[in-house]
Amino acid sequence: MLEFKQNIRGNVALGVNPLGCKQEVLNEIDYVKNKGTFAGPKKVLIIGASSSYGLATRISLAFGAGADTIGVSFEKGPKNERNLGTAGWYNNIAFREAAEKEGLIAKNFVQDAFSHESKQEVIEFIKNEFGGKVDLVVYSLASGRRTDPDTGETYTSAIKALGEPVVGPNINMQNQDFYIETLEPATDQEIAGTLKVMGGEDWQLWMEALKEADVLADGVLTTNYSYLGTELNHPYYGGGTLGLAKADCDEKAKTINTLLADINGKAQIVVATAVTTKASSVIPFFPVYCIALYKVMTEKGTHETPIMHIDRIYRDMVYGANAEYDEAGRLRPDSWELDSDTQAKTKALIQQLNKENFNTDIAAYDILYKEFSILSGFMVDGYVEQEVTIEDLKALEY
Ligand code: NAI
């Protein structure tokens, strides 16, 4: 029988519990089903579909709106007893099994979304096995590297400040430590690399390829998740390399809007709230912001996990009557996070945090750690241990 061990390096999870991942997918499906159904899209392509925001989007739209889905992700399957692959691999499988049980199409493409070949394979599938058109394209990709499909050059993103170094507290979940970190400003090459990887270029390439192939329905919508944050994280996020990449997505949304005008399509930037994900756990200082924010928002009853936030976005805002937009036309479900009292209390709490108290009741380290663990299938509510072998895992098909 396999033993699943939670193995954390810094704030990166290396271990996985495949059965816990499955249970978490089922928990998220239950969350959506308990909210009932809503009128939404029927044919959805999700790029970056295997975890956190992308996976939550897929679950909300499949089990809330009855959508057929195509999910593109980059994950690894099991090799041997010491290398069981990645959580997203098992999330994809659990999702497909549950969706197919309900009679929904749930196709997984596990490959590099940045390549031209991936785009063409997805297009062929839409044409031949998905009814010919999609009515929603969700771009939820987060990556550290991207190979430009035309030049073959590989770019690396860097989460860094601009101009001046930033000094502040950070958390290491491996050692349960609170320490002061200095983040050096990005070099020109790091800025350019982050723009290439996390900017909107690939989103635009997807939309151009899909349009060119005539697989976008009239009135198609494409969403892309952004983050703006506040003065509490501006020096290392909004005012850093990632902020530039997100501003590039704003620009690309305008280009995509022009591209889609003749089919009444729309590109929508969705400024989402801060949540615990594989991608956000490695943003320097961000975990400290999160444990303070989560404490304040939990007390106010406004703290959300990805499935709660995403389901609200599509059910109540995008396909509902409660959408809030800013002057730039971006959808703003992050208004609960940005609430002035929430921010004032978060700021005051961050100032009180130190090595001795960060993991006590004063803040929400317990919530951060549990949400982080759940991403790899640990500490999942309702999880029941079962006997499973490496052969059982290898036999699973995505
Ligand atoms: P995540 O790390 O949980 O998911 C990233 C997804 O991208 C996974 O499905 C992964 O397999 C896929 N992926 C990565 N490289 C790929 C490749 N080469 N080809 C195909 N798939 C690939 O990330 P998370 O946090 O859900 O981020 C999604 C988006 O949401 C990002 O744009 C992020 O900036 C944004 N966002 C995140 C917030 C947060 O607090 N986590 C807040 C607001 C926005």
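Specify the residue that is farthest from the ligand (Cβ to nearest atom); the eligible residues are those in the range 255-279 that are assigned to a helix (DSSP H, G or I) and touching a residue at least 12 places away in the same chain (Cβ under 8 Å). My answer is Ile263. Which ones in the range 82-105 are touching a helix residue (DSSP H, G or I) at 6+ places or on another chain (Cβ under 7 Å) and either in a helix (DSSP H, G or I) or surrounded by fewer than 22 Cβ atoms within 10 Å (Cβ to Cβ) (or both)? Listed by number, the residues that qualify are Ala87, Tyr90, Asn91, Ala94, Phe95, Ala98, Ala99, Leu104. For Gly152, the stated conditions hold: it is out of contact with any Asp or Glu (no Cβ under 9 Å at 6 or more places or on another chain) and not in a strand (DSSP E or B).
The listed residues are Tyr179, Tyr225, Tyr237, and the only one of them that is out of contact with any Asp or Glu (no Cβ under 9 Å at 6 or more places or on another chain), aromatic (Phe, Trp, Tyr) and surrounded by fewer than 15 Cβ atoms within 10 Å (Cβ to Cβ) turns out to be Tyr179.
Residues in the range 325-363 that are without any contact (Cβ under 8 Å) to a residue 40 or more places away in the chain and surrounded by 13 or more Cβ atoms within 10 Å (Cβ to Cβ): 4 in all. The listed residues are Lys278, Lys246, and the only one of them that is crowded, with 18+ Cβ neighbours inside 10 Å, in contact with a helix residue (DSSP H, G or I) (Cβ under 8 Å, 6 or more places away or on another chain) and at pLDDT below 95 turns out to be Lys278. Residue selection: Leu368 satisfies the criterion of being under 30 Å from Asp250 (Cβ atoms), crowded, with 19+ Cβ neighbours inside 10 Å and in contact (Cβ under 8 Å) with a residue 40 or more places away in the chain.
For the range 293-308, the count of residues that are in a loop (DSSP other than H, G, I, E, B), in contact with a helix residue (DSSP H, G or I) (Cβ under 7 Å, 6 or more places away or on another chain), away from the ligand (no atom under 14 Å from the Cβ) and modelled with pLDDT of 95 or more is nonzero. Inside the range 124-146, residues that are more than 21 Å from the chain's Cα centre (by Cα), surrounded by 18 or more Cβ atoms within 10 Å (Cβ to Cβ) and either at pLDDT below 95 or assigned to a loop (DSSP other than H, G, I, E, B) (or both) make up a count of 1.
Reported count of residues in the range 189-230, each being part of a strand (DSSP E or B) and either on the phi > 0 side of the Ramachandran plot or not aliphatic (A, V, I, L, M) (or both), is 7.
Would you point out the residue of the range 88-118, among those that are among the acidic types (Asp, Glu) and away from the ligand (no atom under 12 Å from the Cβ), that is farthest from Trp206 (Cα to Cα)? My answer is Glu102.
The residue of the range 371-397 that is nearest to Val282 (Cα to Cα), among those that are within 16 Å of the ligand (Cβ to nearest atom) and assigned to a helix (DSSP H, G or I), is Phe372. Scanning the range 294-304 for residues that are out of contact with any Lys or Arg (no Cβ under 9 Å at 6 or more places or on another chain) and crowded, with 22+ Cβ neighbours inside 10 Å yields a count of 2.
If you check Glu121, Glu75 for being within 14 Å of the ligand (Cβ to nearest atom), within 27 Å of Leu393 (Cβ to Cβ), part of a loop (DSSP other than H, G, I, E, B) and modelled with pLDDT of 95 or more, only one passes: Glu75. Summed over the range 309-338, the residues that are within 14 Å of the ligand (Cβ to nearest atom) and outside any helix (DSSP H, G or I) give a count of 5.
The values are calculated or read from the model by the stated rules, or taken from the named source; none is laboratory data. What you see is a predicted model, and the numbers here were worked out from it, not measured in a lab. Virtual Cβ from ideal backbone geometry, glycine too; neighbours counted across all protein chains shown.
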